[in-house]
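Bear in mind that the values in this text are calculations on the coordinates, not laboratory data. Owing to the predicted nature of the structure, the values given are computational and were not obtained by experimental measurement. Every residue, glycine as well, gets a Cβ built from its backbone with ideal geometry; the counts of neighbours run over all protein chains shown.
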Amino acid sequence: NAGVMQNPRHLVRRRGQEARLRCSPMKGHSHVYWYRQLPEEGLKFMVYLQKENIIDESGMPKERFSAEFPKEGPSILRIQQVVRGDSAAYFCASSPTGLADTQYFGPGTRLTVL
Amino acid sequence: DQQVKQNSPSLSVQEGRISILNCDYTNSMFDYFLWYKKYPAEGPTFLISISSIKDKNEDGRFTVFLNKSAKHLSLHIVPSQPGDSAVYFCAASAQDGNEKLTFGTGTRLTIIP
């Protein structure tokens, strides 16, 4: 059973461009969490999705950020009109149940905004 | 508002000795606590957890202690091994159906051979 996959692993964007980060959960997992880690900080919750539904997006910036988890395919975190402050490592975690100790993390996507 | 705090950014311990990593929290709604280990360029890996109804949980070389009244938990690793060198994150959740994790800022543990 493959682990959580994230791609790309590294993404470089210029200010004003769009960034799309993909997360393929483990087989059988219908819960996906996205977290962001800014330099020298811990991971911060962004959004919790369960197949086709956004359960909690309280950690998402109000503008420019959106997330989806379609019935088929990976979960996508989309950042429009990126700014330098969006530079961070973005991690997704998938879970079969949503319980805290069943969240398996992917390797992360490191976004650099020039 | 840092609800989970790890006040030691780094810790160095001799191989074979005990490593003790500390974590404090402020949100009394948290009732489940976890420790993760993270290597560079990888995602966090779950190590051990504890529910608020317990004060100790042990798994091999790893033991987590919880002091609810002090809102404090600690991770003990004994004996420490070179492969334990990593960044350790404390995390907490409220088991209310949305178990998003609130992380501390991490402690970089270095085991000295």
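Considering only the range B:81-102, I want to know if a residue exists there that is touching a strand residue (DSSP E or B) at 6+ places or on another chain (Cβ under 8 Å), part of a loop (DSSP other than H, G, I, E, B), more than 14 Å from chain A (Cβ to nearest Cβ) and touching a residue at least 40 places away in the same chain (Cβ under 8 Å).
Yes - at least one qualifying residue is present in the range B:81-102.
Restricting to the range A:1-26, what's the tally of residues that are more than 10 Å from the chain's Cα centre (by Cα) and over 16 Å from A:PHE105 (Cβ atoms)?
Residues flagged as more than 10 Å from the chain's Cα centre (by Cα) and over 16 Å from A:PHE105 (Cβ atoms) within the range A:1-26 amount to 11.
In contact with a Phe, Trp or Tyr (Cβ under 9 Å, 6 or more places away or on another chain), surrounded by fewer than 17 Cβ atoms within 10 Å (Cβ to Cβ) and facing chain A (nearest Cβ under 10 Å), is that true of B:SER74?
For B:SER74, the condition - in contact with a Phe, Trp or Tyr (Cβ under 9 Å, 6 or more places away or on another chain), surrounded by fewer than 17 Cβ atoms within 10 Å (Cβ to Cβ) and facing chain A (nearest Cβ under 10 Å) - is not met.
Does the range A:75-104 hold any residues that are within 14 Å of another protein chain (Cβ to nearest Cβ), farther than 18 Å from A:PRO39 by Cα and either polar (S, T, N, Q) or out of contact with any His (no Cβ under 6 Å at 6 or more places or on another chain) (or both), and which are they?
Matches in the range A:75-104: A:ALA93, A:SER94, A:SER95, A:THR97, A:LEU99, A:ALA100, A:ASP101, A:THR102, A:GLN103, A:TYR104.
Of the residues that sit in the range A:53-74 and are away from chain B (no Cβ under 14 Å) and of a type in the set (Gly, Ala, Ser), which one is surrounded by the most Cβ atoms within 10 Å (Cβ to Cβ)?
So the residue we want is A:SER66.
Keeping to the range A:24-48, report how many residues are within 11 Å of chain B (Cβ to nearest Cβ), crowded, with 19+ Cβ neighbours inside 10 Å and assigned to a strand (DSSP E or B).
Count: 11.
Quick one: in the range B:34-46, which of the residues that are surrounded by 14 or more Cβ atoms within 10 Å (Cβ to Cβ) and more than 10 Å from chain A (Cβ to nearest Cβ) is nearest to B:GLY83 (Cα to Cα)?
Restricting to residues being surrounded by 14 or more Cβ atoms within 10 Å (Cβ to Cβ) and more than 10 Å from chain A (Cβ to nearest Cβ), the top hit is B:LYS37.
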